[in-house]
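Report on one structure; see the data block that follows.
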Amino acid sequence: MPKKELQLSVEPRERLGTTGAHALRGQGKIPAVVYGHGNVPEHVAIDAHAFEELMHHGGRNAIITLTDGGRKRQTALVRQIQLHPVSRRIIHADLQRVSADESIDTRLPIVTVGVAEGVRSFGAVMDVIVHELEVEGPANQIPENLEVEVTALGVHEHLTAADVPLPAGFKLLTPPETVVVSIEPSRTARELEEAAPGVAEEVTEPEVIGAEPAPAEAESPS
């Protein structure tokens with residue numbers, strides 16, 4: 001289901017550059033840029049705690065109403081966030097202006113549903129090869145994720161991007177033949193499977209000790 005519209009308070013940012021950004025973070029705020037719709041990018045500051053709470057409660061793909069002093073200014077989507085390499089705290093955000101009925105492209109995470117038959121009955125391993133798909137659709141209908149049913153998948157079977165159901169009004173931008181989920185034998189089963197032909201060959205064609213070697217075939221002239 002699409003998520004409800006969320007709100008985020010922003011304020012103009014005058015001090016730009018590294019020094020200004022450090023000063024903002026010291027005040028518990030995050031530097032951000034709002035861009036899009038052909039307008040000049042705006043440099044703003046947002047409360048770090050409020051923004052992290054918004055991300056935690058489904059704001060990654062939801063329309064956010066940006067307010068300034070309690071007044072509604074514009075609606076936007078979070079397009080990119082930067083994390084601190086050690087603390088993993090958000091240190092910068094890019095927001096794109098959008099309207100509710102605007103068609104946009106975005107990337108949605110894949111969520112598998114069920115336990116694959118190959119895993120349940122044969123001890124195989126499910127490999128999620130692609131973790132998100134690129135889609136296009138109305139900004140106010142973007143779901144939190146895309147679910148794909150894997151229960152019927154057997155060993156050596158897979159699902160492609162084209163097999164993942166999309167909400168009404170959305171179209172797939174990721175190449176449809178892209179493999180998303182694959183069910184493969186476990187490492188032990190795979191090793192036994194690979195060893196089996198060699199074992200069979202040794203049984204059907206045993207080495208004869210003391211036999212005269214077969215004469216080599218003459219090599220045909222080139």
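Can you tell me which of Ala21, Ala62 is out of contact with any Phe, Trp or Tyr (no Cβ under 9 Å at 6 or more places or on another chain) and under 25 Å from Glu134 (Cα atoms)? Going through Ala21, Ala62 in turn, the sole match is Ala62.
Taking the criterion of being in contact with a strand residue (DSSP E or B) (Cβ under 8 Å, 6 or more places away or on another chain), over 20 Å from Glu177 (Cα atoms) and either surrounded by fewer than 14 Cβ atoms within 10 Å (Cβ to Cβ) or assigned by TED's automatic domain parsing to the domain that holds Gln80 (or both), the only residue of the stretch 105-144 that qualifies is Val113.
For the stretch 19-51, residues that are part of a helix (DSSP H, G or I), of a type in the set (Gly, Ala, Ser) and within 16 Å of Arg79 (Cα to Cα) total 0. Restricting the stretch 87-115 to residues that are assigned to a loop (DSSP other than H, G, I, E, B) and of a type in the set (Val, Ile, Thr), the residue that is modelled with the lowest pLDDT is Val98.
Considering only the stretch 181-202, I want to know if a residue exists there that is outside any strand (DSSP E or B), crowded, with 16+ Cβ neighbours inside 10 Å, modelled with pLDDT of 95 or more and not assigned by TED's automatic domain parsing to the domain that holds Ala76. No - not one qualifying residue is present in the stretch 181-202.
Being in a helix (DSSP H, G or I) and within 30 Å of Pro167 (Cα to Cα) holds for only one residue in Leu54, Leu66, and it is Leu54.
Confirm whether His84 is surrounded by fewer than 19 Cβ atoms within 10 Å (Cβ to Cβ), of a type outside the set (Gly, Ala, Ser), out of contact with any Gly (no Cβ under 6 Å at 6 or more places or on another chain) and modelled with pLDDT under 95. Yes, satisfied.
Can we say His57 is closer than 28 Å to Val148 by Cβ, of a type outside the set (A, V, I, L, M, F, W, C) and not assigned by TED's automatic domain parsing to the domain that holds Pro143? When the stated conditions are applied, His57 passes them.
Restricting to the stretch 154-170, name every residue that is part of a strand (DSSP E or B) and free of Cβ contacts under 8 Å to residues at least 24 places away in the same chain.
The answer is Leu159, Thr160.
In the stretch 2-18, is there at least one residue being out of contact with any Ser or Thr (no Cβ under 7 Å at 6 or more places or on another chain), surrounded by fewer than 12 Cβ atoms within 10 Å (Cβ to Cβ), basic (Lys, Arg) and within 30 Å of Glu147 (Cβ to Cβ)? Taking every residue of the stretch 2-18 in turn, at least one turns out to be out of contact with any Ser or Thr (no Cβ under 7 Å at 6 or more places or on another chain), surrounded by fewer than 12 Cβ atoms within 10 Å (Cβ to Cβ), basic (Lys, Arg) and within 30 Å of Glu147 (Cβ to Cβ). So Gly169 fits all but one of (1) farther than 30 Å from Leu6 by Cα; (2) surrounded by fewer than 15 Cβ atoms within 10 Å (Cβ to Cβ); (3) touching a helix residue (DSSP H, G or I) at 6+ places or on another chain (Cβ under 7 Å); (4) modelled with pLDDT under 95; what number is the exception? Exception for Gly169: condition (1). Restricting to the stretch 1-18, and then to whatever is part of a strand (DSSP E or B) and closer than 19 Å to Lys72 by Cα, can you tell me which residue is modelled with the lowest pLDDT? Only one residue tops the list, namely Leu6.
The values are calculated or read from the model by the stated rules, or taken from the named source; none is laboratory data. Computed from a prediction, not measured in an experiment: that's the story for all the values here. Neighbour counts are summed over all protein chains in view; Cβ atoms, including those assigned to glycine, are modelled from backbone coordinates with ideal geometry.
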